[in-house]
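Student: Handing you a structure now.
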Amino acid sequence: VMAQNEDDDYEYRIKEGDHIVLKRGDVYKAVKIQRKKKVIFEKQWILLDNVVGHLYSTTFEIASGGTLQPKEDKETESSTDVKVAGTDNRNIVDDGKSQKLTRDDIETMKEQGLKNEEIIQQLIDNSSTFTNKTEYAQDKYIKKKKKKYENTVTVLKPTCRILAMMYHGREPGKICHLRYDTLAQMLTLGNIHAGSKVLVFETCAGLVLGAIMERMGGYGSVIQMYPGGGPVRAGVECFGFPAHFHDMLHEFPICHVNALLAGTLDTGAKDPTAGWAQERKVKLEEKRRKLAAAAALLEASNADGLVIASHFHPCSVLLGLIKFLSPSRPFVVFSQFKETLIECYTKLKEQGGTVNLMLTDTWLRHYQVLPDRTHPLLLMSGGGGYLLSGTTVATDHSEPAGSPPAEEPAPKRQKVKDSEG
């Protein structure tokens with residue numbers, strides 16, 4: 001029965017070579033599991049060999065030498081549960097003298113191998129003001145000390161939400177300060193689903209591209225329009241998609257869009273220089289083949305969606321790429337600044353061919369939900385960027401056959417009676 005359960009849970013178990021996300025508190029880090037290779041997380045070296053075979057979302061304790069051991073679930077009440085509490089905090093003065101233990105004492109306890117629960121209990125026992133605190137203040141104190149001294153890490157399976165929170169917390173500049181709730185709205189407004197053909201132009205380290213590929217589930221086609229010498233896909237690698245997901249992914253340089261629209265793009269094979277190595281010839285031939293395949297997909301001008309999120313000015317990119325969409329298809333543009341999207345909005349209104357244009361801003365605030373002390377958190381995100389969304393429509397500039405040209409009717413001449421002299 002045990003073996004059968006393990007077979008059923010195989011896809012939920014951590015395997016060597018998997019991409020995972022390490023979590024402690026609100027801190028995340030994406031890594032790849034490799035044997036006998038240490039990774040640094042929160043200023044600690046960790047060896048990931050022991051996580052293989054365990055289920056995702058398992059919490060591990062960091063033992064000596066950086067090895068990980070599964071944390072045992074303790075059903076009994078923690079020793080830090082204290083029943084003695086004060087009525088209010090009016091007589092407590094924060095002068096830094098209430099704690100009798102010094103930093104050297106705490107370091108000595110760590111070296112002796114004491115667990116974090118035992119260290120926290122020692123801090124409580126040596127605090128002269130702890131029993132005078134209210135019950136809520138005691139809970140807050142214990143939670144703060146657990147966060148400081150806990151020696152655990154949770155292994156998570158990468159998802160769009162987790163990676164978006166990781167990038168936004170660690171390196172928001174790399175993803176143009178794109179917040180995770182804004183990314184969720186982009187996927188909804190862009191109507192991303194399996195079996196569709198989506199155009200993507202992003203400079204968010206591949207996070208938006210990976211989110212779209214995850215939502216499509218390996219079905220359909222994604223054409224990544226990239227600036228510069230090649231596409232950036234660091235964020236896509238963090239998802240750890242299976243091989244067949246990459247079969248749906250195509251790439252096309254943004255600098256060749258005008259040539260493709262004008263019909264002057266040359267994707268034919270040219271004779272490479274005779275002196276080049278065979279390996280380089282093969283790479284160039286592969287690049288030309290990919291370019292021709294992406295150009296064939298774009299030339300049909302029947303894409304089902306367009307998503308733009310970059311630090312470039314989106315106006316020229318949007319006006320160029322929107323021509324590859326079929327009528328009645330959604331598009332969505334993200335920008336950290338509303339001024340660039342206002343310009344896009346104005347240009348689209350002038351040229352026509354779009355309806356339901358909306359320029360929106362999202363507001364996000366976290367709430368603490370606890371008994372008798374539920375309230376919004378004091379700190380919140382200042383802004384999650386702006387979104388411009390809309391739907392394309394067919395524009396028919398030809399005049400129907402047989403209809404006379406629209407001209408103003410000639411004014412009627414008034415009848416004037418001859419006056420008798």
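The values are calculated or read from the model by the stated rules, or taken from the named source; none is laboratory data. Here the structure is a predicted model, which is why all the values come from computation and not from measurement. Reconstructed Cβ throughout: ideal geometry from the backbone, glycine too, with neighbour counts over all protein chains shown. Note: accessible area is taken over every heavy atom of the protein model, side chains too, but ligands, DNA and RNA are not part of it. Shrake-Rupley method; radii C 1.70, N 1.55, O 1.52, S 1.80 Å.
Student: Can you pull out the residues in the range 293-322 that are in a helix (DSSP H, G or I) and surrounded by 15 or more Cβ atoms within 10 Å (Cβ to Cβ)? Outline the logic, then answer.
Tutor: First pass over the range 293-322, keeping only residues in a helix (DSSP H, G or I): 293-299, 314-322.
Hits for the range 293-322 are Ala293, Ala294, Ala295, Leu297, Leu298, Pro314, Cys315, Val317, Leu318, Gly320, Leu321, Ile322.
Student: I would also like to ask the following. Among the listed residues Thr360, Thr340, which satisfies the condition of being open to solvent by less than 70 Å² (accessible area, probe 1.4 Å) and either without any contact (Cβ under 8 Å) to a residue 12 or more places away in the chain or not in a strand (DSSP E or B) (or both)?
Tutor: Criteria check complete, one pass: Thr340.
Student: Could I ask something else about it? Filter the range 239-262 down to the residues that are free of Cβ contacts under 8 Å to residues at least 24 places away in the same chain and open to solvent by less than 60 Å² (accessible area, probe 1.4 Å) and list them by number.
Tutor: Within the range 239-262, just Ala259 meets the criteria.
Student: Now for a separate question. Taking the range 45-62 as the search range and keeping residues that are under 27 Å from Asp139 (Cα atoms) and modelled with pLDDT under 85, which one is most open to solvent (accessible area, probe 1.4 Å)? Step through it out loud before you land on a result.
Tutor: Applying the first criterion (under 27 Å from Asp139 (Cα atoms)) to the range 45-62 yields 57-62.
Narrowing further to those that are modelled with pLDDT under 85: 61-62.
Numbers: Glu61: 54, Ile62: 19 Å².
So, considering only residues that are under 27 Å from Asp139 (Cα atoms) and modelled with pLDDT under 85, the one most open to solvent (accessible area, probe 1.4 Å) is Glu61.
Student: Any residue in the range 363-378 that's open to solvent by 80 Å² or more (accessible area, probe 1.4 Å): show its pairings with residues that are in a loop (DSSP other than H, G, I, E, B) and of a type in the set (S, T, N, Q) at Cβ separation under 7 Å, as long as the two are six or more apart or on different chains.
Tutor: Every condition considered, the pairs that remain are Tyr367/Thr374.
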